[in-house]
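Just so it is clear, none of the values below were taken in a lab; they were calculated from the coordinates. Remember, predicted model here, so these are calculated numbers, not experimental data. Please note: Cβ atoms are built from the backbone with ideal geometry, for glycine as well, and neighbour counts cover all protein chains shown.
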Amino acid sequence: MTTHRHGRLHLGAGRPGGRRLGRSLALSLAFTVTAAMTGPAAGAAPPAPAAPPGLGPNVTVFDPGMPVADIQAALDAAYTRQVDDEMGTARHAFLFKPGTYGTAEHPLQVKLGYYTEVSGLGAAPTDVVINGKVEVYNRCLENGGTSNCLALVNFWRTLSNLTVNVNPAGQDGCRGSANFWAVSQAVSLRRLNITGANLSLMDYCTAGPQYASGGFIADSRLPFVVSGSQQQWITRNSEVGGWSNGVWNQVFSGVVGAPTEAGFPNPPYTTLDTTPVSREKPYLFVDGKGRYQVRVPSARRNSRGVSWAGGQTAGYTLPLSDFFVARPGDSVRRINRELARGRHLLLTPGVYDIARTIEVKRPDTVVLGIGHATLTAVGGAVPLTVADVPGAIIAGVTIDAGSQESPVLLRVGRRGGHGWSTVADPATLSDVYFRVGGPHIGKVDTALEVNSDNVLIDHTWVWRADHGVEGLTDTQRWHTNTGRTGVVVNGDNVTATGLFVEHFQRYNTVWNGEQGTTVLYQNELPYDPPTQADWMNGGVEGYAGYKVGDRVKTHRLYGGGVYVFNQNNPSIHTENGFEVPATPGVKLHHIMTVNLSAGTIDHVVNGVGGPADTTKIGQPVYVTDYPAP
């Protein structure tokens with residue numbers, strides 16, 4: 001590995017050990033290198049702050065009157081438990097009431113582990129101020145946690161609705177150079193105001209610059225951002241003080257201060273001046289009388305910048321008393337009874353075993369999960385369905401497949417239904433994540449099925465696990481953790497901003513609806529087909545990572561990548577990364593394929609574009625526009 005100050009750093013093609021080997025590859029990035037060091041040690045055991053009434057034992061609410069040392073101890077203890085608990089069942093939410101936390105002399109240094117949410121309870125992001133840092137570092141996977149340090153498996157964490165006034169007091173020179181957010185999929189930054197230092201989306205202090213594969217930012221006001229080794233990223237409706245570098249695919253939509261896409265693919269920026277359709281995620285806040293409320297933002301069209309620049313985010317407020325506040329162990333029968341009465345649903349942190357479907361039938365119902373609340377299918381159940389109604393919102397929920405095959409994990413609308421969701425009040429999925437395998441064996445036909453019209457998908461990771469604790473070999477995983485299709489969109493006028501879908505055994509995404517739009521698509525083909533015969537679509541070698549239906553007349557994709565790593569059998573071929581009807585109304589802008597170290601994608605789209613093979617590992621094959629202008 002060679003390093004050049006203010007130049008380019010080249011990471012060799014040798015694989016780090018541990019999990020997610022397919023992301024270990026040659027890539028290049030531009031940034032300024034400072035001295036390296038490991039992260040600070042975890043703190044002492046915390047006191048036991050009482051949970052707020054009704055929100056359960058896995059929610060901790062901090063008040064600015066609490067001693068900084070007590071808050072620090074509670075957060076450090078949670079981080080120590082969660083930093084390596086990738087496939088565990090613990091879930092946590094840490095919520096900060098309006099006020100200021102930490103001082104110049106005693107900053108609050110927050111580190112997030114797995115399944116952890118840190119959020120402010122203010123009506124605006126400026127109502128909660130953390131003087132200190134809120135960070136995620138590289139995770140070290142080998143030799144007792146001292147080597148193979150990377151961010152490729154830093155999943156499942158949430159940071160939102162607060163100000164971070166970066167204060168690195170007590171940290172060394174390298175750690176003091178930025179607020180580090182070294183993450184990969186299923187990690188969201190929303191409604192943030194970061195001041196005082198750069199935001200770095202990679203960790204260049206733990207064992208030097210290492211791999212990262214994120215990610216998502218929305219509705220945030222940010223300083224200069226060091227993207228570094230991030231392979232792909234979407235930033236939506238935000239303000240940035242500047243942006244450095246892009247590895248393969250960096251997408252900006254409605255971002256003030258975004259770089260232009262001039263010179264694509266060097267750098268690989270895709271920039272939309274406005275976001276076609278957006279709706280910010282609902283959020284908890286405490287009003288001036290100390291009452292808990294949920295703000296439900298309105299939908300916006302062709303929007304730019306943060307939603308809170310002029311004051312309160314446009315929308316409406318629901319008192320928490322309008323929600324059924326569920327805990328793990330509550331029956332689906334009771335949940336459905338409360339939904340049928342017209343109540344909304346707040347899922348507190350934990351894992352919920354779902355043996356029958358939670359049914360959202362009424363317009364404008366809000367289902368809000370906090371602390372990465374997780375629904376796990378039992379007995380082949382469909383965990384969650386949404387009727388053909390306008391305005392229903394599912395946010396902050398993870399849905400796991402179970403050991404008996406489910407036909408689908410989340411269905412929005414009925415196939416052949418009336419499509420009553422509306423442009424002005426779209427049904428919305430925000431930070432909804434899907435998992436097939438990983439903590440346990442999982443089986444599903446299709447993870448996410450969208451049949452309604454005018455649906456907004458705002459950040460999802462749909463993952464058939466490429467690793468886990470199920471005790472399976474890679475060959476066994478192909479026949480045991482089964483997931484045929486990740487996402488099927490049958491509705492018209494559906495928009496996706498941040499669509500991440502990986503490792504499914506046929507098409508990862510199938511888009512059959514008209515007037516669809518995707519702003520950033522990221523896909524890895526399955527790692528584990530045993531033979532070419534297992535990876536055939538009739539007489540065609542393999543399935544494209546993104547398939548637009550043959551009868552579709554109008555579709556838009558901005559910024560898409562399909563990656564290949566056939567680790568079980570490097571001789572396997574996939575004919576096309578993208579497969580779309582050859583019609584003028586179907587347009588793909590800035591798409592690419594890349595080889596992560598095994599297998600071959602012969603073409604980028606419909607026979608256009610050269611092969612992503614092992615002669616150019618980590619070197620993308622780009623098509624700027626399809627069809628060519």
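Using the Karplus relation 6.51 cos²θ - 1.76 cosθ + 1.60 with θ = phi - 60°, the per-residue 3J(HN,Hα) values for the range 396-405 come to x, 10, 9, 10, 9, 6, x, 6, 9, 4 Hz, with x marking Gly and Pro. What do you get for chymotrypsin sites (Phe, Trp or Tyr not before Pro) in the range 386-479 restricted to DSSP loop and a cutoff of at most 13 other Cβ within 10 Å of the site's Cβ? Passing sites in the range 386-479 do not exist.
For the range 311-324, the Karplus equation 6.51 cos²θ - 1.76 cosθ + 1.60, evaluated at θ = phi - 60°, returns couplings of x, 5, 4, 4, x, 9, 10, 10, x, 4, 5, 7, 9, 7 Hz by residue, with Gly and Pro reported as x.
Give the shape of the range 366-626 as rounded, prolate or oblate, defined through the alpha-carbon gyration tensor: a ≥ b ≥ c are the square roots of its eigenvalues, a/c under 1.5 means rounded, and otherwise the shape is prolate if a/b is larger than b/c and oblate if not. Numbers along the way, then the final one.
Working: a/c = 1.94, a/b = 1.17, b/c = 1.65.
Here the range 366-626 falls in the oblate category.
So what is the diffusion coefficient of the range 137-176 in µm² per second by Stokes-Einstein at 10 °C and 1.306 mPa s, using a Kirkwood Rh over Cα pairs? The calculation lands on 124 µm²/s. Footprinting exposure proxy ranking of Lys443, Lys616, fewest other C-beta atoms within 10 angstrom first, gives Lys616, Lys443.
Take Asp453, Asp425, Asp84 and order them by how many other Cβ atoms sit within 10 Å, fewest up front.
Asp84, Asp425, Asp453
Here the residues Tyr546, Tyr352, ranked from fewest to most Cβ neighbours within 10 Å of their Cβ, fall in the order Tyr352, Tyr546. Only beta bridges with both residues in the range 366-626 are counted; by DSSP, about 10 percent of them are antiparallel.
Amide H to amide H distances under 5 Å link Thr103 with Leu108, where only residues 5 or more positions off or on other chains count and H is placed in the peptide plane.
Per the Debye formula with a single identical scatterer at each Cα and no solvent contribution, what log10 I(q)/I(0) holds for the range 339-496 at q = 0.10, 0.11, 0.16 Å⁻¹? Taken in order of the listed q values, log10 I(q)/I(0) reads -0.33, -0.40, -0.83. Measuring r between the beta carbons of Ala262 and Tyr316 and using R0 = 30 Å, the FRET efficiency lands at 0.15. Here the range 409-528 is treated as a sphere whose radius is the Kirkwood value from Cα pairs; by Stokes-Einstein at 20 °C and 1.002 mPa s it diffuses with a coefficient of 147 µm²/s. Sum up the lysine pairs in the chain that clear both bars: alpha-carbon distance under 19 Å and a spacing of 8 or more or different chains. So the count works out to 7. Scaled to the globular estimate 2.2 N^0.38 Å, the Cα spread of the chain, given as radius of gyration, is 0.89. Note on the chain: antiparallel DSSP beta bridges, both residues inside, total approximately 15 percent of the bridges counted.
Say the dipole of the chain comes from +1 at the beta carbon of Lys and Arg and -1 at that of Asp and Glu; which of Val501, Val423, Val256 then lies farthest toward its positive end? Final value for the positive-end residue is Val423.
3J(HN,Hα) couplings calculated from phi for the range 185-198 with the Karplus curve 6.51 cos²θ - 1.76 cosθ + 1.60 (θ = phi - 60°) are, in sequence order, 6, 6, 9, 10, 10, 9, 6, 10, 10, 10, 9, x, 6, 5 Hz; Gly and Pro show x.
Counting other C-beta atoms within 10 Å, and keeping those with at most 12, which DSSP coil trypsin sites (Lys or Arg not before Pro) do you find in the range 147-238? Loop-located and lightly packed - none at all.
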